[in-house]
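K.L.:
Got a structure for you, written out below as structure tokens; questions coming shortly.
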Amino acid sequence: MSSLNSFLVDLGNVGIGLLLLTVILLVGAWVFSRLTRFDDKKEIEKGNEAAGIYMGSKLLGLCIIVAMVSYSSSDWLMMLAWSAVGILVLCLVYFLVDKLLPAFRVCEEIEKGNIAVAQLLRCIIIGISIVVGTLLM
């Protein structure tokens, strides 16, 4: 019977984790969409692949941070707190990249559908998310 109880506790933890991850991703998507100078949802609905890559990369980066935090801690509040830090870090990355690439503006290029810029940002976002997540372990 103890293995059944353990299974049920683990199943409950998975459910709680998925619920929290959903909330974190919704908040992250909302914050990230407020940061851009264009309407992410409309651009993605229009089929702007660059906008989809960019938003997907930010959400994947957030998932990486959440995964690494949840791996090292079973405290749900810490997961939420570090997820908020992850959202702030990814927002900071956006501002830094936008300022450090003087040849073009990130939002303008994504809105124009520039997939090369989206791919560059994808690599930067995922790389930084892995580093930040590792530091939180």
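The values are calculated or read from the model by the stated rules, or taken from the named source; none is laboratory data. These numbers were taken from a predicted model, which means no experiment stands behind them. Virtual Cβ from ideal backbone geometry, glycine too; neighbours counted across all protein chains shown.
K.L.:
Being assigned to a helix (DSSP H, G or I), closer than 22 Å to K112 by Cβ and modelled with pLDDT of 85 or more: is that true of A81 here?
P.N.:
Values: assigned to a helix (DSSP H, G or I): yes; closer than 22 Å to K112 by Cβ: no; modelled with pLDDT of 85 or more: yes.
Criteria not met by A81.
K.L.:
List every residue pair whose Cβ atoms sit under 7 Å apart, with the two residues 6 or more apart in sequence or on different chains, where the first one lies in region 38-64 and is of a type in the set (S, T, Y) and the second, anywhere, is crowded, with 17+ Cβ neighbours inside 10 Å.
P.N.:
So the pair list comes out as Y54/I110; Y54/A118; Y54/L121; S57/L121; S57/R122; S57/I125.
K.L.:
What pairs come up if the first residue lies in region 6-35 and is touching a residue at least 12 places away in the same chain (Cβ under 8 Å), the second is of a type in the set (D, E, K, R) and not in a helix (DSSP H, G or I), and their beta carbons are under 9 Å apart, counting only those six or more places apart or on different chains?
P.N.:
Close Cβ pairs satisfying both conditions: S33/D39.
K.L.:
While we're here: Pick out the one residue from V93, V117 that is touching a residue at least 60 places away in the same chain (Cβ under 8 Å), of a type in the set (A, V, I, L, M, F, W, C) and crowded, with 19+ Cβ neighbours inside 10 Å.
P.N.:
Going through V93, V117 in turn, just one is touching a residue at least 60 places away in the same chain (Cβ under 8 Å), of a type in the set (A, V, I, L, M, F, W, C) and crowded, with 19+ Cβ neighbours inside 10 Å: V117.
K.L.:
Looking at (1) over 11 Å from the mean Cα position of the chain (by Cα); (2) assigned to a helix (DSSP H, G or I), can you tell me which one G28 breaks?
P.N.:
(1)
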